[in-house]
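The values are calculated or read from the model by the stated rules, or taken from the named source; none is laboratory data. For clarity, every value in this text was computed on a predicted model and none was experimentally measured. Cβ coordinates were reconstructed from backbone atoms using ideal geometry, including for glycine residues, and neighbour counts include every protein chain displayed.
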Amino acid sequence: MIKSDGIVMTEVRREDSEALYRWINDAETVRFNAPWRPVPWGNHAAWFDALGRDPSTVLLVIRKDHAGPPIGVVQLINIHPIHRLAELRIRIGTEADRSQGLGTVALKAALDFAWRDLNLHRVWLRVFTSNERAIAAYTKAGFQKEGVLRQAAWIDGAWQDEIVMAALHEQGSR
């Protein structure tokens, strides 16, 4: 468990499956960072059952307290042990939990986990240029813009540019 400024991040629990299924089928939420298509329950169940089997992926569930329901998730994917890097993805599940700074706190805690426990040097992400709220949170958490992928994603009937951002672990700063 990771505690930080009003949130805790825990392992995924069996009872979290329903919320994760609801979020992945919420078109408005998914379109913040990916094209949307409905996910059948069977596909979700297979994905959920496979969690923890892939050493190149870590999924942390964001909660307001240890026993509370999930409010979001942070994933570090494609963890590369030689290059010491990973891609980060985050989702705050409902609008009611957004714009409170919880995502920024979770991002900072995820970076600290990446540096201290996974011994990573670089964590990177992609974000749509239209997602100003996420860009602000990433910047506050220490990510820097590295470039733009023009018309990189077809989202909700329009092309979206993606910004590539990254945070590097600076020795001695945690």
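Numbers below:
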quantity	calculated
Residue in the stretch 116-139 that is nearest to residue 2 (Cα to Cα), counting only those that are out of contact with any Asp or Glu (no Cβ under 8 Å at 6 or more places or on another chain) and buried (at least 20 other Cβ atoms within 10 Å of the Cβ)	120
The lone exception for residue 72 - which of (1) under 30 Å from residue 156 (Cβ atoms); (2) modelled with pLDDT under 95 it fails	(2)
The stretch 1-55, subset acidic (Asp, Glu) and surrounded by fewer than 17 Cβ atoms within 10 Å (Cβ to Cβ), residue nearest to residue 158 (Cα to Cα)	28
Any hit, the stretch 56-72, residues being over 26 Å from residue 6 (Cα atoms) and either surrounded by fewer than 13 Cβ atoms within 10 Å (Cβ to Cβ) or touching a helix residue (DSSP H, G or I) at 6+ places or on another chain (Cβ under 6 Å) (or both)	yes
The stretch 88-101, residues that are touching a Lys or Arg at 6+ places or on another chain (Cβ under 8 Å) and either surrounded by 15 or more Cβ atoms within 10 Å (Cβ to Cβ) or of a type outside the set (Gly, Ala, Ser) (or both)	92, 93, 98
Which numbered condition residue 48 fails, given (1) without any contact (Cβ under 8 Å) to a residue 12 or more places away in the chain; (2) part of a helix (DSSP H, G or I)	(1)
Test: residue in the stretch 96-116 that is under 14 Å from residue 32 (Cα atoms), of a type in the set (A, V, I, L, M, F, W, C) and at pLDDT 95 or above	no
Lone qualifier among 82, 90 - being within 24 Å of residue 57 (Cβ to Cβ), over 17 Å from the mean Cα position of the chain (by Cα) and either outside any loop (DSSP other than H, G, I, E, B) or at pLDDT 95 or above (or both)	82
